[in-house]
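Step one of this worksheet: look at the structure below.
What follows is calculated from the coordinates using simple rules that are stated; it is not laboratory data. Computed from a prediction, not measured in an experiment: that's the story for all the values here. Heads up, the Cβs are rebuilt from the backbone with ideal geometry, glycines too, and the neighbour counts pull from every protein chain shown.
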Amino acid sequence: MKVGDIVTLQLPGKEPITHRVLRIDRLSNGNYLLETRGDANQLSEKWEIASEERIAVTFIRVHFIGYVLQFLSNIIVRVLLIGAMATLAVIWVRRQRTAHRVETHRPPSLGYVDFLLC
């Protein structure tokens with residue numbers, strides 16, 4: 001973890017908080033003092049973290065994925081999405097079967113001429 005990383009911290013019994021690391025200091029007892037601030041916040045917060053404690057560090061950031069996840073959390077949207085995928089799967093399977101029948105029962109191509117040598 002380094003300054004500028006986005007980390008998720010959680011106090012026992014509380015919701016996780018995701019902030020950006022502003023400063024990291026090593027304390028005399030071996031623990032770390034983190035100063036963090038949420039991107040939308042004006043004030044920073046300080047956290048004392050034990051050296052063996054785990055901290056979630058963001059390694060990839062996907063813009064606007066939160067909106068997509070929130071949209072997909074609606075049950076009606078999920079039902080419609082599953083129905084649309086099932087419909088597309090049925091259409092795909094039918095087209096595959098139709099294409100296979102056309103290929104196997106097609107008369108010889110007019111581009112080829114068979115010659116009989118006597």
>> Rounded to the nearest 20 debye, what is the charge dipole size of segment 29-74 about its Cα centre when +1 sits on each Lys and Arg Cβ and -1 on each Asp and Glu Cβ?
In response: 200
> Once phi is turned into θ = phi - 60°, what whole-Hz ³J(HN,Hα) does the Karplus curve with 6.51, -1.76 and 1.60 give for every residue of segment 42-48, x standing for Gly and Pro?
Replying inline: 8, 9, 9, 10, 10, 10, 9
>> Can you tally the net charge around Gly4? Count Lys and Arg as +1, Asp and Glu as -1, for every other residue whose Cβ sits under 13 Å from the Cβ of Gly4.
In response: +2
> When the Karplus curve 6.51 cos²θ - 1.76 cosθ + 1.60 is applied with θ = phi - 60°, which whole-Hz ³J(HN,Hα) does each residue of segment 19-30 get, with x for Gly and Pro?
Replying inline: 9, 9, 6, 9, 7, 10, 10, 8, 8, 5, 7, x
>> Using 0.36 nm times the number of residues separating Phe64 and Ile24, minus their current alpha carbon distance, what extension gain do you get?
In response: 11.5 nm
